[in-house]
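Chemist: Next up is a structure, given as structure tokens.
The values are calculated or read from the model by the stated rules, or taken from the named source; none is laboratory data. Everything quoted here is computed from the prediction, not taken from an experiment. Counting neighbours? That spans all protein chains shown, and the Cβs are built from the backbone with ideal geometry, glycine included. These area figures cover heavy atoms from the full protein model, side chains too; ligands, DNA and RNA do not enter into them. Shrake-Rupley method; radii C 1.70, N 1.55, O 1.52, S 1.80 Å.
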Amino acid sequence: GAGVSQSPSNKVTEKGKDVELRCDPISGHTALYWYRQRLGQGLEFLIYFQGNSAPDKSGLPSDRFSAERTGESVSTLTIQRTQQEDSAVYLCASSLAQRLAYEQYFGPGTRLTVT
Amino acid sequence: LAKTTQPISMDSYEGQEVNITCSHNNIATNDYITWYQQFPSQGPRFIIQGYKTKVTNEVASLFIPADRKSSTLSLPRVSLSDTAVYYCLVGSKGGNKLTFGTGTQLKVEL
């Protein structure tokens with residue numbers, strides 16, 4: 001079946017603009033994660049959705065970042081008033097609920113460049 | 001929140017066995033240990049996961065001592081295509097706080 005997909009694959013934006021990143025998880029996966037990876041760095045956990053429960057937003061770096069998920073499907077990560085330090089690859093992953101923290105399936109990522 | 005520590009880089013040659021160790025001194029009782037592999041411009045890919053002792057699959061083995069304060073990913077007979085960054089992940093089944101290690105850049109040469 002289809003894996004996790006993300007769009008756009010690349011996004012170049014000007015400082016101060018808002019951007020919206022999209023993630024389509026694997027069908028049936030109730031858990032969805034967003035990570036940020038700066039060039040040459042490890043993965044930084046941002047936010048996690050599990051079913052219809054309220055998401056844990058404690059990993060979001062600032063109030064300019066927000067994320068939503070519709071049911072157990074598509075999720076969007078929005079960054080308002082982008083800054084140059086927001087430049088990174090944003091990775092989305094999904095997993096079966098009962099396999100939380102076990103086997104996560106990652107998408108190819110969205111490379112965001114803020115000029 | 002279990003913090004993990006891994007070597008920044010390792011070098012090996014084709015056909016060798018590679019062992020990458022991850023330290024997680026503050027691992028919680030409910031935490032599992034998972035390893036991922038990441039190639040450039042791709043998302044990480046699950047390799048193996050375990051709780052204690054030894055786990056083996058078709059790709060790798062994971063050794064976890066009794067105190068669980070560390071774990072070792074063992075890759076048998078590596079090839080050039082195993083050149084990648086390997087991440088150690090510690091997290092609990094019931095929680096949502098996940099921590100990736102700093103990652104180990106493995107370089108395999110002929």
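Chemist: Residues of the range B:33-64 being more than 15 Å from the chain's Cα centre (by Cα) and open to solvent by less than 60 Å² (accessible area, probe 1.4 Å), which ones?
Modeler: B:GLY43
Chemist: Of the residues that sit in the range B:1-32 and are at the interface with chain A (Cβ under 10 Å from one of its Cβ atoms) and assigned to a strand (DSSP E or B), which one is least open to solvent (accessible area, probe 1.4 Å)?
Modeler: B:ASP31
Chemist: Restricting to the range A:45-56, and then to whatever is free of Cβ contacts under 8 Å to residues at least 24 places away in the same chain and over 13 Å from A:ALA93 (Cβ atoms), can you tell me which residue is most open to solvent (accessible area, probe 1.4 Å)?
Modeler: A:ASN52
Chemist: Next question. Identify, from the list A:ARG36, A:ARG111, A:ARG69, A:ARG22, the residue that is surrounded by fewer than 16 Cβ atoms within 10 Å (Cβ to Cβ), of a type outside the set (Asp, Glu) and modelled with pLDDT of 90 or more.
Modeler: One residue alone meets the criteria, A:ARG22.
Chemist: For B:LEU73, indicate whether it is more than 14 Å from chain A (Cβ to nearest Cβ) and closer than 30 Å to A:PHE49 by Cβ.
Modeler: For B:LEU73, the condition - more than 14 Å from chain A (Cβ to nearest Cβ) and closer than 30 Å to A:PHE49 by Cβ - is met.
Chemist: Okay, next question. Looking at the range A:3-24, can you tell me whether even one residue there is free of Cβ contacts under 8 Å to residues at least 40 places away in the same chain, more than 14 Å from every other protein chain (Cβ to nearest Cβ) and not in a loop (DSSP other than H, G, I, E, B)?
Modeler: Within the range A:3-24 (the criterion being free of Cβ contacts under 8 Å to residues at least 40 places away in the same chain, more than 14 Å from every other protein chain (Cβ to nearest Cβ) and not in a loop (DSSP other than H, G, I, E, B)), the answer is no, since none of the residues qualifies.
Chemist: Also, quick follow-up: Surrounded by fewer than 21 Cβ atoms within 10 Å (Cβ to Cβ), at negative phi and at pLDDT 90 or above: is that true of A:GLU103 in this structure?
Modeler: no
Chemist: May I pose another question? Taking strands (runs of 3 or more DSSP E) that fall entirely within the range A:42-115, which contain at least 1 residues that are more than 25 Å from B:ASN30 (Cβ to Cβ) and either within 14 Å of chain B (Cβ to nearest Cβ) or of a type in the set (Val, Ile, Thr) (or both)?
Modeler: A:65-69, A:75-79, A:88-95, A:110-114
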